[in-house]
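Visitor: One structure is given below, represented as structure tokens, and several questions about it will come after.
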Amino acid sequence: MTENKKTVILIVEDEEVIRKVYADELRDGGFSVLTAGNGMDGLALALREKPNLILLDILMPIMDGLTMMNTLRETDLYGKNVPVILLTNLSASEEKIMNAITKNEPAYYLVKADWDLSKVVEKIKECLAGKV
């Protein structure tokens, strides 16, 4: 899909296999992809490269995803507005996650076990189009 060629997605996920699977699927969908293995590296990459959307795992070493998102939102206008999709194996009924999503809009979440790759790509396209 040529309309996605300049759309950059940052994947911040500590599990290398999951990170690679998402990256390959997104590249196959025509997106440019950046990856990071923890929140600290992800934050630095996001601020330097300014991707169009961030796919962000919550539970990671060094800096967890919620801390990364909160720090990003406090940084500058880009950080306040970039869409973030949180990836988790936790339920969004967890108060900490719901508070983070509400406080850090535009933010969305996906429970990893409930979504196949094609649905994740669909959700990304919806977020980028502002249809979510």
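Visitor: Do the conditions hold for M60, that is, is it at pLDDT 65 or above, over 16 Å from K125 (Cβ atoms) and part of a helix (DSSP H, G or I)?
Guide: Judged against the criteria, M60 is not a match.
Visitor: Exactly one of (1) of a type outside the set (K, R); (2) within 19 Å of L117 (Cβ to Cβ); (3) out of contact with any helix residue (DSSP H, G or I) (no Cβ under 9 Å at 6 or more places or on another chain) is unmet by V33. Its number?
Guide: Against the list (1) of a type outside the set (K, R); (2) within 19 Å of L117 (Cβ to Cβ); (3) out of contact with any helix residue (DSSP H, G or I) (no Cβ under 9 Å at 6 or more places or on another chain), V33 comes up short only on (3).
Visitor: Can you name every residue in the range 23-35 that is closer than 15 Å to L45 by Cβ and touching an Asp or Glu at 6+ places or on another chain (Cβ under 8 Å)?
Guide: Those that are closer than 15 Å to L45 by Cβ and touching an Asp or Glu at 6+ places or on another chain (Cβ under 8 Å): L34, T35.
Visitor: Okay, moving on. Return the residue satisfying two criteria in turn: it lies in the range 71-107 and is among the polar types (S, T, N, Q) and surrounded by 15 or more Cβ atoms within 10 Å (Cβ to Cβ), and of such residues it is modelled with the lowest pLDDT.
Guide: So the first thing to find is which residues in the range 71-107 are among the polar types (S, T, N, Q), and the list is 71, 75, 81, 88-89, 91, 93, 99, 102, 104.
Checking which are surrounded by 15 or more Cβ atoms within 10 Å (Cβ to Cβ) leaves us with 71, 88, 104.
Values: T71: 93, T88: 74, N104: 55.
Across the range 71-107, the extreme among qualifying residues is N104.
Visitor: In the range 36-59, what residues are farther than 18 Å from L77 by Cα and in contact with a helix residue (DSSP H, G or I) (Cβ under 8 Å, 6 or more places away or on another chain)? Before the answer, list the steps.
Guide: Filtering the range 36-59 for residues farther than 18 Å from L77 by Cα gives 36-41, 55-59.
Correct list: A36, G37, G39, M40, L55, L56, D57, I58, L59.
Visitor: Same structure, new question: Hey, L110 hits all of (1) under 26 Å from V17 (Cβ atoms); (2) at pLDDT 85 or above; (3) not in a loop (DSSP other than H, G, I, E, B) but one; which does it fall short on?
Guide: The one condition L110 does not meet is (2).
The values are calculated or read from the model by the stated rules, or taken from the named source; none is laboratory data. Bear in mind the structure is a predicted one, so any value in this text is a computation, not a measurement. Don't worry about glycine lacking a Cβ; one is built from the backbone with ideal geometry, like all the others, and counts go over all protein chains shown.
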